[in-house]
Amino acid sequence: MLTHRPRPALQVGETTFQFLDTTPEAALEAAFEAAGGLDVRLGGGPTTVREFLKRGLVDMLHVVQVPILLGRGAALWTGLEGLERDYDVESTTTPSGVTHIVFTRR
């Protein structure tokens, strides 16, 4: 987990969370090493996800858009103009209005 406040690892069941104050590239490399060749998932808020996207470190992104206007918070897409050129984009809207948008690297 990327953090600005280093702290000791946290064991939850069989999962150990490592807290790293480093670059997205270094965090991803550490995650791949810890995963032993398995897939790695990125979780976090828009600022974290945006940094990985800017650096071209995301192969697949699944965004769930809920039709609620809150008027605050961080925007995911700021500074990512043209992102769709590098990804195939598929969207599916459910009857409730929730939209799933999947970006897959070309």
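Bear in mind that the values in this text are calculations on the coordinates, not laboratory data. Predicted model only: the values in this text are computed from it and were never measured. Cβ: placed from backbone, ideal geometry, glycine included. Neighbour counts: every protein chain shown.
In percent, what relative contact order does the chain have, based on Cα pairs under 8 Å that are 6 or more apart in sequence? Reported as a whole number, the value is 21 percent. Only the Cβ atoms of Lys and Arg (+1) and of Asp and Glu (-1) were treated as charged; on that basis the dipole of the chain about its Cα centre amounts to roughly 380 debye.
Each principal axis of the chain carries a Cα extent, and these read 42, 31, 27 Å when sorted largest first.
Show me the chymotrypsin sites (Phe, Trp or Tyr not before Pro) within region 1-74 that DSSP assigns to loop and that have at most 16 other Cβ atoms within 10 Å of their Cβ. For chymotrypsin sites (Phe, Trp or Tyr not before Pro) across region 1-74 that sit outside H, G, I, E and B with at most 16 neighbouring Cβ atoms in 10 Å, the list reads F19. Does anyone have the angle between helix 24-35 and the longest principal axis of the chain? Alpha-carbon axes, 0 to 90°, nearest 10? Once rounded, one gets 70 degrees. The peptide list 36-42, 21-27, 59-65, put in order of mean Cβ contacts within 10 Å with the highest first, becomes 21-27, 59-65, 36-42.
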